[in-house]
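**Student:** Before I ask anything, let me first share the structure, which is written out below as structure tokens.
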Amino acid sequence: MKRRQQGFGMLDVLTGLLLTAVVGFVAVPGFNEMLEAYQLRSTANMIGFEIARARTQAANEGRPVCLRVDGQQIELRMGTTSPDCGDGDPFALAQIPQRITVDSAEVRFDGNGLATMRPPIAVHSATHSLTITTDVLGRVTIS
């Protein structure tokens, strides 16, 4: 009587492992690019949120607020009057992920919540770039 084979043979297992390895090597670069694009978009959204928060804080308190992006940090200062955003009380800090770089920039709001200084802010990763712009009323556009 012939015995019936059960389970997988060695060739079946090796073929499965080979296919899994090939798919993994193809998928990993795409996954890294997707992760980088996600970090870039979430950093731009975070900066946009901080700009909106600075505007709200300026309008609520009736005092000027300055948002400064410098290197890997975002800083909000209340009641600032100096041209370099150096004075005033810092009330919020946020860190930018290491894979992402942001050009140094400042966005200022007067005591009425109107943007008096609003250069575009460029956010970069190794392969992508986004620009954040703010209009006079503090509306943020990410493109």
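**Student:** Along the Cα→Cβ direction, 7 angstrom out, place labels at residue 110 and residue 136. What is the inter-label distance in nm?
**Tutor:** So the two model labels end up 1.0 nm from each other.
**Student:** Then there is this: Which of 34, 46, 78 moves the most in a Gaussian network model of the chain with Cα springs under 10 Å?
**Tutor:** Highest fluctuation among the options: 34.
**Student:** Separate question: Of 27, 37, 126, which has the largest mean-square fluctuation in a 10 Å C-alpha GNM of the chain?
**Tutor:** 27
**Student:** Order these by the 10 Å Cβ neighbour count, fewest first: 35, 137, 114. Provide the component values of the computation, followed by the final result.
**Tutor:** Details: 35 12, 137 9, 114 16.
Least crowded to most crowded, the residues run 137, 35, 114.
**Student:** Test of understanding: express the Cα radius of gyration of the range 10-142 as a ratio to 2.2 N^0.38 Å, with N the residue count.
**Tutor:** On the way: Rg = 20.8 Å, N = 133, 2.2 N^0.38 = 14.1 Å.
Taking the Cα Rg and dividing by 2.2 N^0.38 Å, one obtains 1.47.
**Student:** Ok, one more. What residue among 48, 24, 62 has the largest mean-square fluctuation in a Gaussian network model of the chain, using Cα springs under 10 Å?
**Tutor:** 24
**Student:** Order these by the 10 Å Cβ neighbour count, fewest first: 67, 17, 130, 76.
**Tutor:** 17, 130, 76, 67
**Student:** Counting only residues 5 or more places away or on other chains, whose amide H sits under 5 Å from the amide H of residue 117 once H atoms are built in the peptide plane?
**Tutor:** Hits under the 5 Å cutoff: 108.
**Student:** Further, regarding this structure: Once you mark the trypsin sites (Lys or Arg not before Pro) that are in a DSSP loop and have at most 12 other Cβ atoms within 10 Å, what is the longest gap between them in the chain?
**Tutor:** By the stated rule (loop sites, at most 12 other Cβ atoms within 10 Å), 5-143.
**Student:** Using only the Cα atoms of the range 11-70, what do you get for the radius of gyration and for Dmax, in Å?
**Tutor:** My reading of the Cα-based Rg and Dmax gives 22.9, 75 Å.
Only the coordinates and a few stated rules stand behind these numbers; no lab work does. On a predicted model such as this, the values are computed, not experimentally measured, just so you know. Reconstructed Cβ throughout: ideal geometry from the backbone, glycine too, with neighbour counts over all protein chains shown.
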